[in-house]
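Notes for the one structure printed next.
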Protein chains: 2
Amino acid sequence: MISKIVSKEEAAESIQDGMVIGTSGGDASAFPKAFFSALAKRADKGERFQIQLLTSGPIAEEIDGTLTQKGLISRRLGQQSSTILRKAVNQRKVIFIDLPSGMFPMKVREGRFGRLDVAVLEAMAITEDGFIVPSTAVLDGPSHVQVAEKIIIELNYAYPPEMEGIHDIYIPEPHPYRKPIPLIHVMDRIGLPYIIVDPEKIIAIIESDQIYSGENSIVMDKESLQVGRHVINFLQKEVEKGSFTKALLPLELGLGNMAEAIMHELLQSDLGPLEIYTAVIGDGILDLMDAGKVRGMSASGLYFSTKGFERFWRDLKKYKDLILLRPVEIADCSEVILRLGVIAINGALEVDIYGHVNSSHIQGSQVITGIGGSVEFAQNSLLSIFILPSSRNDGKISSIVPMATHVDHTEHAVDVIATEQGVADLRGLDPIERASQIIEKCAHPDFRTYLRGYLKQAKKENFGHEPHILREAFSLHLNLIEKGTMKG
Amino acid sequence: MISKIVSKEEAAESIQDGMVIGTSGGDASAFPKAFFSALAKRADKGERFQIQLLTSGPIAEEIDGTLTQKGLISRRLGQQSSTILRKAVNQRKVIFIDLPSGMFPMKVREGRFGRLDVAVLEAMAITEDGFIVPSTAVLDGPSHVQVAEKIIIELNYAYPPEMEGIHDIYIPEPHPYRKPIPLIHVMDRIGLPYIIVDPEKIIAIIESDQIYSGENSIVMDKESLQVGRHVINFLQKEVEKGSFTKALLPLELGLGNMAEAIMHELLQSDLGPLEIYTAVIGDGILDLMDAGKVRGMSASGLYFSTKGFERFWRDLKKYKDLILLRPVEIADCSEVILRLGVIAINGALEVDIYGHVNSSHIQGSQVITGIGGSVEFAQNSLLSIFILPSSRNDGKISSIVPMATHVDHTEHAVDVIATEQGVADLRGLDPIERASQIIEKCAHPDFRTYLRGYLKQAKKENFGHEPHILREAFSLHLNLIEKGTMKG
């Protein structure tokens, strides 16, 4: 293996125009930084080439953004969170294909996106047999290396060796030989603590020693905390009704202000000790673990801030006992989510009066990040909760609208909606009943009159089980385009 | 058990106003006809009462329609196919809740729709221990009896006793004790050949001796056969590419002209011998079985015509070896569909240029049947194909539209679209690429110019990854309302 160690520049030279590259890692965690920075430098020297880049985790601005600026990405598959890449995608300068994360690796293996030329992964260690120990995120790396023609490893010495063993790598068999995924409880170890690769495929190993991370940009404002409180109150009432115990059922949480606010409110509550079954998680989980409120957590990536990672390294032994890091294909797997009876909490961009959720496209057109694992969770969870603020842009935009301009989650995958205004429990309700709940409990008061009027008029004009006035359905959105506000 | 035999009138007397009744059976197959006809007669005598009726299979007009006409249904959950009920639902005289069939039984057990007072099931036999052998459909019966307070059995002597053993009844454990569903191959027997019930709960057994069925209303017109041919050609090309062997992967098919046309074309093709993993199936499967083209079929209900059932009884021994009838929760289960790598073929009402599918609501408002198991199949299959005619109503309505007026399946759950015009293979494409494929390959030529114009204008006006012109998105639909046609 030592003979394969090369400089990052040398490794980057192996990439040719038109190649399909699969990588892994997310945001500020576990992505092969040295390799991609060296790749970007080739453009600075005047070289012209483009790659197709596949990765389900939204990787950091410094990769997606830099490569985009230099014109190096022709096609990007998976989620993205880079402002620069997003702009290019929405200007259609970069082709972007958004995919449910749980199914994405399987579809890559199946060859749906053509041949995968190179897989580039960060590793905290390589075993004597040439197997790879990933770092703070697993995501689609273990799948990519199965089908990639060649593998480049960025070996990062900065991770404490004690982290080894935190990973649980399992990739389902190909069809028609696929077996049940043997995961019955969140903390069941079903795989190996490293990724098996064909050592012959490893063409380069780059050495690196920096843990990148980012500032904690979370601001738990009043609104987020109110949403958090509403969700926790709702769960507490479910406990009182006997739906589940105080330990709840395995919980899915995402990233961002509202997910952090929910963790903050969980900390104050008498709920727990919890099991977490989620794709990625932020700093808040450390508080919950410190408070003894977590029995175990399965995730595909730790997306901590610099301070969060400092805490994590400091008490690694404690945290490691509570965490298993798995491939995104398992973290977001329909089969496992259905079996565990997950309580799924996902963010939304807008929700319509009948409960359809848009979580990806502004005005139905401009993509934000992508849908990630939210589809698998919303469809297969025992309880599917969506959270969002009732309004945005200083109250100019209502998040509750007559008809969603893009649908990522249909009415059938949405049980509960929470905004800072309140909670709409949609279970067992028909469309008209749902509409009343959503308008009265979740919409911002400034828009309730309009929404009530739309519902009333739709019922009057249009025979139908889920009545819509098609000429009016997007009036709020058109008002926003014309007047800069949905009001009036 | 003999002591529990009562007249159908007596059994019907046990139903009180406001009760929640769960039943099972579908269309013209395996529904408790005698019981519901006796229940309807109570209304003829001037009695006033209403029930809530839960069943995932669309039961026959003679139940859903008759009960609706007599004002006996306040709330109906699951799919429906009755013209009379549908009208009442769309006039909002009966509350209707449509639900994905695979998740529906679990949600009923969970108590989401309140207490289930009575389960009413047809049986072809009752064992000595009081266990129930269902007849030609299983659907949600085995789940209903688990949670119902009381059970009424309609024992139908008309079925040949040799059918016993065709059933494979397995209901997953409740959360958090749920285990992997041990189904690895389509024909794996994972359960029991009868439904276990608590004999104490059985309050009445009604005797019956008529097998109801219906005429085969299937008309395989030129258009359906063209769709069928396109789908089979597409699958044959996939075989040539090495995606799977001639035996394909387990196939899901629905009901109706196009599903029958696909079976007809399969018969002519060199594909097979096939495995079928589907919820319900029509007469065409018998031709495929007769031709030795089926290795095995898992279904939840046989929805044959009278002639189809006559064939089925005549060669029961042969067919029985090839069929397992399972609860709808297994037939439509995400976990199993994902594991088997199903090729799912589902019908659609309209499809938009970016690949979102409306399979349930005309003009976004009026529900047709419901979504059944299509959600679980589209989301979790290895290959998700949607079929529809490119136009309807003598060419006045385009099935390909700029934006779907209701979304049941998002762009991420749709791999292939086939109309009589051709096949759009959307795998690995971004929204703009998908739009071109759908317009050029699937849309009716009469509407292509309009759709191309919409796409061109949307790209021009609106920065966005999936550009829409919200003020124009439903122009075709509005034209239809105003002028009776989408043309012009």
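Annotations
- Computed accessible area, A:F96, all protein chains, 1.4 angstrom probe, square angstrom: 0
- Structure-based [θ]222 nm, chain A - -39500 (n - 2.57) summed over DSSP H runs of at least 4, per residue, nearest 500: -9000 deg cm²/dmol
- Label-point separation in nm, A:K396 to A:K246, each point 7 Å along Cα→Cβ: 4.7
- Across the alpha-carbon atoms of region A:143-211, the computed radius of gyration and Dmax are 14.9, 42 angstrom.
- Pairs of alpha carbons in chain B separated by more than 41 Å make up 20% of all such pairs.
- Contour excess over end-to-end distance, with Cα ends at A:L192 and A:K483 and 0.36 nm allotted per residue: 99.1 nm
- The heavy atoms of A:V280 offer some 20 square angstrom of accessible surface to a 1.4 angstrom probe.
- All aspartates and glutamates inside 20 Å of A:K237 as judged from Cα atoms, apart from same-chain residues fewer than 8 positions distant: A:E252, A:E265, A:D270, A:E275, A:D415, A:E420, A:D425, A:E440, B:E110
- In terms of its Cα atoms, the protein assembly as shown spans 87, 61, 60 Å along the principal axes, sorted from long to short.
- Whole-Å distance, taken between Cα centres, linking region A:92-127 and region B:58-81: 48
- Of all beta bridges that DSSP places with both ends in chain B, some 25 percent have antiparallel geometry.
- Over 19 Å between alpha carbons, listed pairs A:K45/A:K70; B:K70/B:K150; A:K87/B:K460: B:K70/B:K150
- For the pair A and B, total buried accessible area rounded to nearest 100 Å², probe 1.4 Å: 6400
- Measuring r between the beta carbons of A:W313 and A:Q236 and using R0 = 35 Å, the FRET efficiency lands at 0.55.
- Inverse of mean 1/r across different Cα pairs in region A:222-483, Kirkwood, Å: 19.0
- Position A:W313, label points 7 Å along Cα→Cβ, spacing to each other copy in nm (shortest first, one decimal): 7.8
- Label positions at A:K459 and B:S14, each projected 7 Å from the Cα along the C-beta direction, are separated by 3.8 nm.
- For the pair B:I5 and B:F49, label points projected 7 Å from Cα toward Cβ lie 2.5 nm apart.
- Considering only region A:2-208, percent of DSSP beta bridges that pair antiparallel, nearest 5: 15
- For region B:70-185, the Cβ-based charge dipole about the Cα centre amounts to some 1060 debye (Lys, Arg positive; Asp, Glu negative; other atoms uncharged).
- Test item: A:82-93 mean partner chain Cβ contacts at 10 Å: 2
- Exam field: B:Q16 pseudo-label spacings to other copies (7 Å along Cα-Cβ), nanometres: 8.0
- With Cα atoms defining each centre, region A:275-309 and region A:329-400 are spaced 20 Å apart in the structure.
- Net lengthening on full extension, A:D290/A:E162 (0.36 nm per residue, minus Cα-Cα): 44.2 nm
- Cα-centre dipole for the protein assembly as shown with unit charges at Cβ (Lys and Arg positive, Asp and Glu negative), debye to 20: 1960
- DSSP beta bridges fully contained in the protein assembly as shown are about 25 percent antiparallel.
- For the segment B:333-345, counting C-beta atoms of other chains within 10 Å of every residue's C-beta and taking the mean gives 5.
- Cα gyration tensor shape of region B:1-90, rounded if a/c is under 1.5, else prolate or oblate by comparing a/b with b/c: oblate
- Largest to smallest in accessible area, the residues B:E350, A:E482 fall in the order A:E482, B:E350 (1.4 Å probe, all protein chains included).
- B:Y177 accessible area, assembled protein chains, probe 1.4 Å, Å²: 150
- B:R75, B:R178, A:R115, reordered so the largest accessible area comes first (probe 1.4 Å): A:R115, B:R75, B:R178
- Label-point spacing for A:N479 across the identical copies (point 7 Å from Cα in the Cβ direction), in nm and ascending order: 2.9.
- Averaged over the residues of A:409-420, the number of partner chain Cβ atoms lying within 10 Å of the residue Cβ comes to 3.
- Hits among lysines - C-alpha to C-alpha of B:K317 under 27 Å, sequence gap 8 or more where chains match: B:K33, B:K246, B:K293, B:K307
The values are calculated or read from the model by the stated rules, or taken from the named source; none is laboratory data. Values in this document were obtained by computation on a predicted structure and should not be read as measured data. Positions of Cβ are backbone-derived with ideal geometry, glycine not excepted, and every protein chain shown enters the neighbour counts. Only protein heavy atoms, including side chains, enter the accessible area calculation; ligands, DNA and RNA are left aside. Shrake-Rupley method; radii C 1.70, N 1.55, O 1.52, S 1.80 Å.
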